[in-house]
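Data first, discussion second: the structure below is written as structure tokens.
Each reported figure results from applying straightforward, stated rules to the coordinates on display, with no laboratory input. The structure presented is a predicted model; accordingly, all values stated were derived computationally and were not measured. No Cβ is skipped: glycine too gets one built from the backbone with ideal geometry, and neighbour counts run over all protein chains shown.
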Amino acid sequence: MQIKNKKWTEEKFFEMRKEVLNQWPTGKEVNLQEAIDYLKKVPEHKNFAIKMNKAKEQGITLAQPRAGVALIDQHVILLKHLQDEGGADLLPSTIDSYTRQNRYDECEVGIKESRKAGRSLLNGFPGVNHGVRGCRRVLESVNLPVEARHGTPDSRLLAEIIHAGGWTSNEGGGISYNIPYAKNVPIDRSIRDWQYCDRLVGFYEEQGISINREPFGPLTGTLVPPSTSNTVAIIEALLAAEQGVKNITVGYGQCGNLVQDVAAIRALEEQVQEYMNKYGYKDVYITTVFHQWMGGFPQDEAKAFGVISTGAATAALAGATKVIVKTPHEAIGVPTKEANAQGIRATKMALNLLKGQRLPMSKELKAEIELIKAETKCMMEKTFELGNGDLAVGAVKAFDVGVVDIPFAPSKYNKGKMMPARDNNGAVRYLSYGNLPFTEDIKEINRRKLEARAKYEGRPVSFKMTVDDIFAVSRGVLVGRPNKK
């Protein structure tokens, strides 16, 4: 499949649109002019892009949970609880797994069975099946902006329906919602499908409607080095900007070392803006999102609140525009609405106490920002080189040869040769580089930091460190130390 990083013509977009809207009967509910008229009437306090922009200008961090169930009435009850009892600033609609795989027939079965059972038998909100009218019922029942959060390699029909339904943000991208989520989806296909989603947002922007787009920062959520996730975020932000997206939230998943996490958010915001300016996207408004810990959680609720509060504090000190909130039931399964609201309240308390405070620049913070930027630059420059200047072409080739490589991803289109591990202070470093295009200086810094941990622990630098680190937080620590007798 031939793809290019070039803005789609209206002719190309509308030609594909015929196919997209015929994927499921609810696609016929989408009337573009009627959707434009509806979106123009959405009040500012329910517009995701506008609320994010105001938060950045005010220097505050907003809190947003994850949540979604199968039936509209129950979904509304859930979101209103998170709004009223949790104090959420922004609302999600987490989409179910069948929708993520475009298996709408099975969604329909799940909806019917959920009605019979009186509870959700799907792990999210089937937005495509509920259609434009269902999505509007959700938006009109709450008093906050709504975003679709999912994990869909092909989000084209979902994007059409949620935006026509008044939801003014869609999370994901052709890399971040493919490589960590799917095994057999070619990257060129998912990039093309997400170019469609971005061109749709670009079309709405041309009609004077602000819609937010948010590449998924944490990727696999397991020991992803900041420069790897930042590289993917920058690539997806640039691809979105080319299709006319004007409001982009780039994200990062908490790794656990405070200095590194703050450095990652600051490096990401600065670097994505540099690339936007370099390639002529000077009218794109950039905000940031910090995801609380995405790995294994302790089962003890008190300890889980400790993890949640640490993530909230880090987001505030980093100056992130919003933070994605976890719950004290993270280790158990799908949380109750009460537990979800507790996670938000704990987060909001930390954000309120730290309002206006930022981690001051230090020698360590400066060095970490510089290292993350240098590593990211190596991957970005090689990606552009592989594509002969075309970022979409380069991104496909970069994954094919392992210039960008995401740890623990299921996709067969990911090389899987790079391996991370924590250093002695818990920062995530590169244990094995695979085919990453790093300079010898960068490799030496990573090597030296891991050797310092090995010396402290009295063991060799090895993959065993990685394994120990994966389970560490669920056991109450950040670094997976060996058990010393």
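Considering the dipole of the chain built from charges on the beta carbon (Lys and Arg +1, Asp and Glu -1) around the Cα centre, which of A409, I179, G333 is farthest to its positive end? Of the listed residues, the answer is G333. Calculate the length of the line joining the C-alpha centroid of the range 208-272 to that of the range 166-196, in whole Å. Each part reduced to its Cα centre gives a spacing of 15 Å. Kirkwood-type hydrodynamic radius, the range 161-253: 13.3 Å, calculated from all non-identical alpha-carbon pairs.
If only the Cβ of Lys and Arg carry +1 and only the Cβ of Asp and Glu carry -1, the dipole of the range 10-353 around its Cα centre is close to 460 debye. Normalised by the number of residues in the chain, the average gap of Cα pairs under 8 Å and 6 or more apart makes the relative contact order 16 percent. Reducing the range 298-363 and the range 1-23 to their Cα centroids gives an inter-centroid distance of 40 Å.
Based on C-alpha pairs under 8 angstrom that are at least 6 apart in sequence, the range 168-251 has a relative contact order of 39 percent. As an exercise, take the mean of 1/r over every pair of distinct alpha carbons in the range 334-485, invert it, and state the Kirkwood radius in angstroms. Hydrodynamic radius (Kirkwood, Cα pairs) of the range 334-485 is 18.3 Å.
All other residues whose Cβ lies under 13 angstrom from that of N22 are scored, Lys and Arg at +1 and Asp and Glu at -1, for a net of 0. The value of relative contact order for the range 92-210, using C-alpha pairs under 8 Å at least six residues apart, is 24 percent. Counted residue by residue at 0.36 nm each, then reduced by the alpha carbon distance between them, the extension gain from D441 to V109 reaches 113.9 nm. With the Kirkwood sum run over all distinct C-alpha pairs, the chain has a hydrodynamic radius of 22.5 Å. Net length available on complete extension from E19 to S141 is 40.8 nm, with 0.36 nm assigned per residue and the Cα-Cα distance removed. Per-residue extension of 0.36 nm, minus the Cα-Cα distance of E206 and K54, leaves a gain of 52.6 nm for this segment. Of the DSSP H helices in the chain, those with a Cα length along their own long axis of 20 Å or more and a mean Kyte-Doolittle hydropathy reaching 0.0 comprise 226-242, 301-318. For the range 417-485, the alpha carbon positions stretch 38, 22, 16 Å along the principal axes, listed from largest to smallest.
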